[in-house]
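Here's the structure we're looking at; comments come further down.
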């Protein structure tokens, strides 16, 4: 790794780029791809939540609304996690520390599971 160099103070966020040295570009690009994957996940969650309410699906309305709201909330939280996860991983790369454990995978999986159960219940109760 090399010194952050004079450009580090002009890069955003400074809390990430002002620390440590420049990591191998492949690792930073992989971290960026993970960030973008979380953004795609957020878009899918938002689209799923909106579609549940926008389409005339044969699901009991209260259960459908609950699943829709849950998916939309997950879709709103996912970009926050994407940003924080990217920053944590990039800092670890720059400081040559072990990568941090993922923080949102479990809650996301649980939320999608719960949304699926809500839709299933809504289908059965129609």
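Place a point 7 Å from Cα of residue 47 in the direction of its Cβ. Which residues in the stretch 75-115 have their backbone N less than 18 Å from it?
Only 75-79, 112 fall inside the zone, counting backbone N under 18 Å.
Per residue of the chain, what 222 nm ellipticity follows from adding -39500 (n - 2.57) for every DSSP H run with n ≥ 4, rounded to the nearest 500?
-24500 deg cm²/dmol
Could you check the spin-label model distance between residue 76 and residue 60? Points 7 Å from the Cα along Cα→Cβ, value in nm.
Reported label-point gap for residue 76 and residue 60 is 2.6 nm.
With r as the distance between the Cβ atoms of residue 69 and residue 34 and R0 = 41 Å, compute the FRET efficiency 1/(1 + (r/R0)^6) and round to 0.05.
Result of the calculation: an efficiency of 0.90.
Given all pairs of different Cα atoms, what value in angstroms does the Kirkwood hydrodynamic radius of the stretch 60-126 take?
In the stretch 60-126 this quantity evaluates to 13.6 Å.
Treating the angle as unsigned and between 0 and 90°, give the value, to the nearest 10°, between the Cα long axis of helix 105-124 and the longest Cα principal axis of the chain.
10 degrees
Please compute the Kirkwood hydrodynamic radius of the chain from all pairs of different C-alpha atoms, in Å with one decimal.
16.5 Å
Compute the long axis of helix 25-54 from its Cα atoms, compare it with the longest principal axis of the Cα atoms of the chain, and write down the angle in degrees, 0 to 90, nearest 10.
20 degrees
No value in this document is a laboratory result; all are computed from the given coordinates. Quick caveat: nothing in here was measured; it's all calculated off a predicted structure. Don't worry about glycine lacking a Cβ; one is built from the backbone with ideal geometry, like all the others, and counts go over all protein chains shown.
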